[in-house]
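I have placed the structure first, in the form of structure tokens, so that the comments after it can refer back to it.
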Amino acid sequence: MAAINIGVLALQGDFHAHILMLGTLQDVHAREVRTATDLTEVDGLVLPGGESTTIIKLLKRSGLDKAIIMRAEEHMPIYGTCAGLILLAARVSERPDQPTLNLMDITVARNAFGRQIDSFETDLVVTSADADIPVRGVFIRAPFVAEHGNSVEVLSTYRDRVVAVKQSNLLGTAFHPELTNNNLIHRYFADMVQRSTKQPR
Ligand code: GLN
């Protein structure tokens, strides 16, 4: 199989963990993306966890926000974890003026699991078309998907809360698979990227 290039947005947050995780996959080259030029060299992009308000500020400052939106419209696969999921969302509940990339038809609630269980881990299943993927869900001041449009597939829930979603070329999880030793969700995303590179543009 031809190798694919997957970028990880490296402005703030836990991008290095994604680079390491992608590095465990065959046929995948992982690289940091900081500029619009970097973005032209990748076939797919990961938006890491971190602080969504900081990341969007940095994206806007560099104009990289517009470049990402353009590539998303050309069907480049994008995977957002935690803060990255917030960046993908069209709406942030209770913070309607928080800017995002506005790509996925979802409303996210930030820091939504409450103070008592700020951070926790649990076993989850992510359902994909091919198979059920077992994952260790690591949640750190995580959001969940409070509302979603009809074109959004729910891939996983935790206590009736939606924590993994897919809409066409966009994938989002409220949790952090990059902080576990299980690379199956990254494999799943790499397969999305692999397929998209084979489609005529
Ligand atoms: N609480 C952060 C935010 O709202 C997300 C936390 C994370 O990415 N681990 O941006």
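Observations on the structure shown:
- Span-like helix check, the chain: qualifying full DSSP H segments, with Cα axial length of 18 Å or more and mean Kyte-Doolittle of -0.5 or more, are 184-198.
- Of all accessible heavy-atom area on the chain, the percent that carbon and sulfur account for (1.4 Å): 48 percent
- Centre separation in Å (Cα based) which lies between the range 110-169 and the range 31-64: 23 Å
- Computed over the range 1-158, relative contact order equals 17 percent, with contacts defined as Cα pairs under 8 Å that lie 6+ residues apart.
- The stretch between residue 5 and residue 111, if pulled fully straight at 0.36 nm per residue, gains 35.0 nm over its current Cα-Cα span.
- Shown is the FRET efficiency for residue 73 and residue 36, computed with R0 = 22 Å from the Cβ-Cβ distance and rounded to the nearest 0.05: 0.90.
- The calculated 222 nm mean residue ellipticity attributable to helices in the chain amounts to -8000 deg cm²/dmol, summing -39500 (n - 2.57) over DSSP H runs of n ≥ 4 and dividing by all residues.
- Using a probe of 1.4 angstrom and keeping all protein chains present, the accessible surface of the range 75-201 works out to 47 square angstrom per residue.
- Here's the list of lysines a cross-link from residue 57 could span, going by alpha-carbon distance under 18 Å and ignoring same-chain residues fewer than 8 apart: 66.
- P(r) histogram, all alpha-carbon pairs of the range 44-85 included - 5 Å bins from 0, percent: 6, 24, 28, 30, 11, 1
- A simple charge model with +1 on the Cβ of Lys and Arg, -1 on the Cβ of Asp and Glu and nothing else charged puts the dipole of the range 58-184 at about 460 debye relative to its Cα centre.
The values are calculated or read from the model by the stated rules, or taken from the named source; none is laboratory data. These figures come from a predicted structure and were not determined experimentally. Every residue, glycine as well, gets a Cβ built from its backbone with ideal geometry; the counts of neighbours run over all protein chains shown. Please note that ligands, DNA and RNA were not included when accessible areas were found on the heavy atoms of the full protein model with its side chains. Shrake-Rupley method; radii C 1.70, N 1.55, O 1.52, S 1.80 Å.
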